[in-house]
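Chemist: Before I ask anything, here is the structure I am working with.
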Amino acid sequence: MDDDALIAAMADGDDTALRELFARHAPWLAARLRPILPAAEVEDVLQESFLAAWRGARGYRPQGTPGGWLWGITRRQAALWLRRRGPSGLPLAVLASHGGGQPVADPAEAAVSRAELAEAVRALGPEGSAMQEVWRLMYVEDRTVTEVAGLTGVPEGTVKSRAHRVRQLMRSALRQPVRDGGER
Amino acid sequence: MNVEISDVTRRFGRTQAVAGVTLQTGRGVFGLLGPNGAGKTTLLRMMATVIPPGSGRVRLLGRDPGEYGPRREIRRRLGYLPQNLGYYPGFTVAEFVEYFALLKEMPPGRVPQAVATAIERVDLGGRARAKLRTLSGGMLRRAGIAQAIVNEPELLLLDEPTAGLDPEQRVAFRTLLRDLGERATVIVSTHLVEDVGAACSELALMDAGKIVFQGTPDELTARGEGTGAAGDAPLERGYSAVLAAARSATAAA
Amino acid sequence: MTFGHEMTGDRDDLPGPGQGRCPRDVDLHRVWLGVAAEVWRRRPGPVERLAGRALRSPGLARALVTTPSLLLGWVIASAIVLAAGMLATLGTGTPFVALFAPAVAAAGIAYAYGPGIDPAWELSQSMAVSYRMVLLVRVLVVFALDAALGLAASAAPGAAAAVTFGWLVPMTAVSALALATATLTRSANAGVAAGLAAWAIMVLSVRSASGQVTPAVASSVLVPPYLAVAVACGAIAWFATRIPKGTS
């Protein structure tokens, strides 16, 4: 059964569908959460997320993607969890990344967003690839096109078109955070 | 020592079902072998506090099952799978396991988690909410095992637990047995010798109400060597040899 | 028992939506057990919760609400029988309710008992909540329920108090007899048969002796023998449930 059918079955009260859905999706959801939460809390968040999925299965619309739906539920649960623990609970890395002591509206949301961002950046290509370099130089280090061209030794036109490509890739990766069986 | 039985007898009408059995065992898996009518089930029922002994002394989990208070304490820590376990056809697997968890006086807060754990341990997770009447014989037996282990018993008594299980399930069951034997005393009664031989650290062989052999599976195997006794496998041959010897000894006496 | 295997993400064949094996220190099996515990749990109804608090035992409460003769169908059937008796009484003047009530109770009480209707009888004998407790509570509740139904059906205006309440005494005797028979023979059906037969014989002998049936339920002369029977049968049932018999 495909994921859509499983969720429909879940909405009908079929717990074996939930079991199958869990077997398929819990591993990668756990992998996503692990960078922002300790292992024991990943377990707790996953448990709450799948229970939320069980209760909310009726609200699932098949034109969404099952993976995206599950991730949406999970990230909400993760943010809830982080919020409940308060600022002292947030991973140091998250706080450090907001250097300069800038207060963030919702550090919990930010932490989860950071995980999504990191994964989108990974989608640009392996470390050191052309796209990753452009991303790092232009958008993280905030350099001009001329500086990047000089540093990487390629014409400015090439830098511009690569930057355009990076924006395209990031946009689509962040809009649809999950690949589903290659139907991107 | 979780089980201490000394010189126990039990008769039903004219039949002497158990004719003087002495047994002691601690943690681990203990096999109770013997032909039908040997008295295994009666012995197991006595250990399950279902019937009292006719004579002799029984101590279970360090307590005397003859008194109400200790007996209740024993029963809270006991798991029992009778040979013929009836089922409530309208119950689901989860309801069935939960029913006995409650009757074993488990704290209600712990029950849902314990029920889920027991059901997954016997690989019935895909059938938790299926009604018992829809289950095959092997699945029903596994549901029976689940209710026996739901309270993580210190003393687990299983009477013919593998009835109806296919070979793959029997292998999984032996793994489960070994797992359970690490923290509890597990006593398995069966007439399928090879089935449990591999999982048991100790065996007793009963015949006509008495124990005619007690020792390790290797020792039982050794008894069968060179005797030309019947059997396709080493343990079976040991089993036949011991039975034959015991019966001829009785005949001669 | 191979379930844990799937949980570690060993299934490469599935098109996983995102990348990533489960991290080694995350125990997905434990997570699933937590989910399953919530999804599979049964939530007791208000009657069971109340009974659990009153009896101070959730197990006893559960055993009570699963009594065959307390199931809705049975209760409705009992109510119908007694209602029919009430109508018949209004029509003919013969106190049918008083005659039916003991029979209904005898059947209900015999069917609160184990072997023959409780398939997991042997297992129940090894439970911390003793089967005797279960039986006691079931019998009392069935009796109380049938008494209440009977009282409701016999509260006809103008009827003599002896007739309105008098049947409670033979009801006790007949129920006790049904229970004693059931526990001795280890058969609920035998208990029902004995109870109904004894009551029928009683009513018919009274009628042939005095030409009426009312004395069977209203005569104060019969009260001591009824009570004696009730006590004796109660003792027998108590003793019969002390040591379960076995056949192997």
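The values are calculated or read from the model by the stated rules, or taken from the named source; none is laboratory data. Nothing here was measured: the structure is a model prediction, and the numbers come from that model. Reconstructed Cβ throughout: ideal geometry from the backbone, glycine too, with neighbour counts over all protein chains shown.
Chemist: Please determine whether any residue of segment B:69-76 is acidic (Asp, Glu), in contact with a strand residue (DSSP E or B) (Cβ under 8 Å, 6 or more places away or on another chain) and buried (at least 16 other Cβ atoms within 10 Å of the Cβ).
Modeler: yes
Chemist: Right, something else. So the check is Cβ under 9 Å with 6+ separation or different chains; which pairs have a first residue in segment A:135-147 that's farther than 18 Å from A:Ala120 by Cβ and a second one that's surrounded by 14 or more Cβ atoms within 10 Å (Cβ to Cβ) and small (Gly, Ala, Ser)?
Modeler: A:Val145/A:Ala163
Chemist: Another question, if that's okay. Against the condition more than 7 Å from every other protein chain (Cβ to nearest Cβ) and either hydroxyl-bearing (Ser, Thr, Tyr) or buried (at least 17 other Cβ atoms within 10 Å of the Cβ) (or both), how does B:Glu152 come out, does it pass?
Modeler: Against the criterion (more than 7 Å from every other protein chain (Cβ to nearest Cβ) and either hydroxyl-bearing (Ser, Thr, Tyr) or buried (at least 17 other Cβ atoms within 10 Å of the Cβ) (or both)), B:Glu152 does not qualify.
Chemist: Go through the residues of segment C:225-237 one by one and say whether even a single one is touching a helix residue (DSSP H, G or I) at 6+ places or on another chain (Cβ under 9 Å), buried (at least 19 other Cβ atoms within 10 Å of the Cβ) and farther than 27 Å from C:Thr94 by Cα.
Modeler: The answer is yes, given that some residue of segment C:225-237 is touching a helix residue (DSSP H, G or I) at 6+ places or on another chain (Cβ under 9 Å), buried (at least 19 other Cβ atoms within 10 Å of the Cβ) and farther than 27 Å from C:Thr94 by Cα.
Chemist: Out of all the residues in segment B:212-241, which are buried (at least 22 other Cβ atoms within 10 Å of the Cβ) and aliphatic (A, V, I, L, M)?
Modeler: Residues satisfying the conditions are B:Leu220, B:Leu235, B:Ala241.
Chemist: Tell me which helices (runs of 4 or more DSSP H) are completely within segment C:66-153 and hold 3 or more residues being touching a residue at least 12 places away in the same chain (Cβ under 8 Å), or say none if there are none.
Modeler: Counting at least 3 such residues, we get C:72-92, C:96-110.
Chemist: Can you find a residue that is more than 23 Å from C:Asp118 (Cβ to Cβ), within 8 Å of another protein chain (Cβ to nearest Cβ) and crowded, with 18+ Cβ neighbours inside 10 Å anywhere in segment B:93-114?
Modeler: There is at least one residue in segment B:93-114 that is more than 23 Å from C:Asp118 (Cβ to Cβ), within 8 Å of another protein chain (Cβ to nearest Cβ) and crowded, with 18+ Cβ neighbours inside 10 Å.
Chemist: For segment B:1-57, which positions are farther than 23 Å from B:Leu235 by Cβ and within 15 Å of the chain's Cα centre (by Cα)?
Modeler: B:Asn2, B:Thr42, B:Arg45, B:Met46, B:Met47, B:Ala48, B:Thr49, B:Val50
Chemist: Out of all the residues in segment A:118-148, which are of a type in the set (Asp, Glu) and either loosely packed, with under 12 Cβ neighbours inside 10 Å or touching a Gly at 6+ places or on another chain (Cβ under 6 Å) (or both)?
Modeler: A:Glu127, A:Glu141, A:Asp142
Chemist: Which one of these does A:Pro62 not meet: (1) over 24 Å from A:Ser113 (Cα atoms); (2) of a type outside the set (S, T, N, Q); (3) touching a helix residue (DSSP H, G or I) at 6+ places or on another chain (Cβ under 7 Å); (4) in a helix (DSSP H, G or I)?
Modeler: Going through the list (1) over 24 Å from A:Ser113 (Cα atoms); (2) of a type outside the set (S, T, N, Q); (3) touching a helix residue (DSSP H, G or I) at 6+ places or on another chain (Cβ under 7 Å); (4) in a helix (DSSP H, G or I), A:Pro62 breaks only (4).
Chemist: I've got another one for you. Among what's in segment A:42-68 and is under 18 Å from the mean Cα position of the chain (by Cα) and at pLDDT below 90, pick the residue that is nearest to the other protein chains (Cβ to nearest Cβ).
Modeler: Among them, the one singled out is A:Gly67.
Chemist: List the residue pairs whose Cβ atoms are under 8 Å apart, where the first residue sits in segment A:115-126 and is more than 12 Å from chain C (Cβ to nearest Cβ) and among the small types (Gly, Ala, Ser), the second is part of a helix (DSSP H, G or I) and surrounded by fewer than 18 Cβ atoms within 10 Å (Cβ to Cβ), and the two are 6 or more positions apart or on different chains.
Modeler: Close Cβ pairs (under 8 Å, with a partner that is part of a helix (DSSP H, G or I) and surrounded by fewer than 18 Cβ atoms within 10 Å (Cβ to Cβ)) amount to A:Gly125/A:Gln132.
Chemist: From the list C:Leu70, C:Leu90, pick out the single residue that is within 23 Å of C:Pro215 (Cβ to Cβ), more than 13 Å from chain B (Cβ to nearest Cβ) and surrounded by fewer than 20 Cβ atoms within 10 Å (Cβ to Cβ).
Modeler: C:Leu90
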